[in-house]
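S.K.: Questions regarding the structure given below will be posed in turn.
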Amino acid sequence: MTTWVGTSWKMNKTLSEARDYARTLAATDQGRWPGVQPFIIPPATALSAVSEVLGPRSHVLVGAQNAHWEDAGAWTGEVSVPQVADAGAQIVEIGHSERREFFAETDETVNLKVRATLRHGLTPLVCVGEPADVFASGGSVPYVIRQVRAALDGVGDVSAVLVAYEPIWAIGARGRPAAPSDIGDVLAALRTEWGGSVRGLLFGGSVDRSNARSILGVDGVDGLFVGRAAWEVDGLLELLDLVAGR
Ligand code: 13P
């Protein structure tokens, strides 16, 4: 079984910072983490630089934080799946809660982007997760299942799809790290519904070296999607070592 460990840099890093991070990663023995699939998701500006530094034989997958559902056209400010693929992306992150909240991403646009990503042979990384009030009222499972159903609507073969469960209340500096007991029900439900069919089920939200192992111990979790704790390359390397049991 593959364990996924990756990070989105979100809106951080200049080109030289991005290259430095990628250089350190490229200089680390790629056979160091058997059974672990590392990935990094830089901002669009750094995609091609990071891909070039890592090189074609790198074990580290590279992703884009977003891509439009159309291949080309008058969509000011957007980038398409063929464009991010051309810049080296193998993964497209779709539907992160920050995009749903601040950039009007809906279940419908998430679904369009999943289809576009699959059409071009890339891996969609679909982010789902409930807000704090839904968690507090015990509605997490139906909320998250509905989001995944909507994201995968009409997609016949989901075997290339990664799903990241990222409860909104657990994400970012104002988030509260999740205890395994907080997330077990949602992950069990995701596993029952899609565990055998998708490429992997990841968890994200305040993951760091203090909780990585216990979260990976939750039934259904195939990987970790990390923000802040892996924005410095040493943080990612430390998590990769930890997960690989080094
Ligand atoms: P943090 O790990 O910083 O909470 O961010 C998680 C996340 O949103 C990854 O996409």
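None of the figures in this text is laboratory data; all of them are computed from the coordinates on show. Being a predicted model, the structure only gives us computed values, none of them experimental. With ideal geometry, Cβ positions are generated from the backbone for all residues, glycine too; neighbour counts draw on all protein chains shown.
S.K.: Evaluate Rg over Rh across the stretch 88-160, taking Cα atoms for both radii and Kirkwood's formula for Rh.
M.R.: Reported Rg/Rh, Kirkwood definition of Rh: 1.00.
S.K.: Per 0.36 nm of contour for each residue apart, how much would the distance between residue 15 and residue 244 grow if the chain were fully extended, relative to their Cα-Cα spacing?
M.R.: That works out to 79.5 nm of additional length.
S.K.: Now for a separate question. Extension gain residue 27-residue 44, at 0.36 nm per residue separation less the Cα-Cα distance, in nm?
M.R.: Extra length from residue 27 to residue 44 when fully extended: 3.8 nm.
S.K.: I've got another one for you. Only helical DSSP H runs with n ≥ 4 go in: add -39500 (n - 2.57) per run for the chain, normalise by residue count and round the 222 nm mean residue ellipticity to 500 deg cm²/dmol.
M.R.: On the way: 10 runs with 95 residues, N = 246.
That comes out to -11000 deg cm²/dmol.
S.K.: I've got another one for you. Starting from the Kirkwood Rh over alpha-carbon pairs, what translational D in µm² s⁻¹ does the stretch 110-204 have by Stokes-Einstein at 10 °C and 1.306 mPa s?
M.R.: 116 µm²/s
S.K.: Write down Rg/Rh for the chain, rounded to two decimals, with Rg from the C-alpha atoms and Rh from the Kirkwood relation over Cα pairs.
M.R.: 0.94
S.K.: Right, here's the next one. Between residue 102 and residue 86, with labels modelled 7 Å along Cα→Cβ, what's the label distance in nm to one decimal, could you check?
M.R.: With each label point 7 Å from Cα toward Cβ, the separation is 2.8 nm.
S.K.: What is the spin-label model distance, in nm, from residue 153 to residue 119 if the labels are put 7 Å beyond Cα along the C-beta direction?
M.R.: It works out to 1.7 nm between the two label points.
S.K.: Same structure, new question: If the viscosity is 1.002 mPa s and the temperature 20 °C, what Stokes-Einstein diffusion coefficient in µm²/s follows for the stretch 163-246 when Rh is the Kirkwood radius over Cα pairs?
M.R.: 166 µm²/s
S.K.: What's the long-distance tail for the stretch 151-190, i.e. % of Cα pairs beyond 16 Å?
M.R.: On the way: 392 of 780 pairs.
Value for the stretch 151-190 (Cα pairs over 16 Å): 50 percent.
S.K.: So what is the diffusion coefficient of the stretch 13-57 in µm² per second by Stokes-Einstein at 10 °C and 1.306 mPa s, using a Kirkwood Rh over Cα pairs? It would help to have the intermediate numbers written out before the result.
M.R.: Numbers: Rh = 11.0 Å.
In µm²/s, the coefficient is 144.
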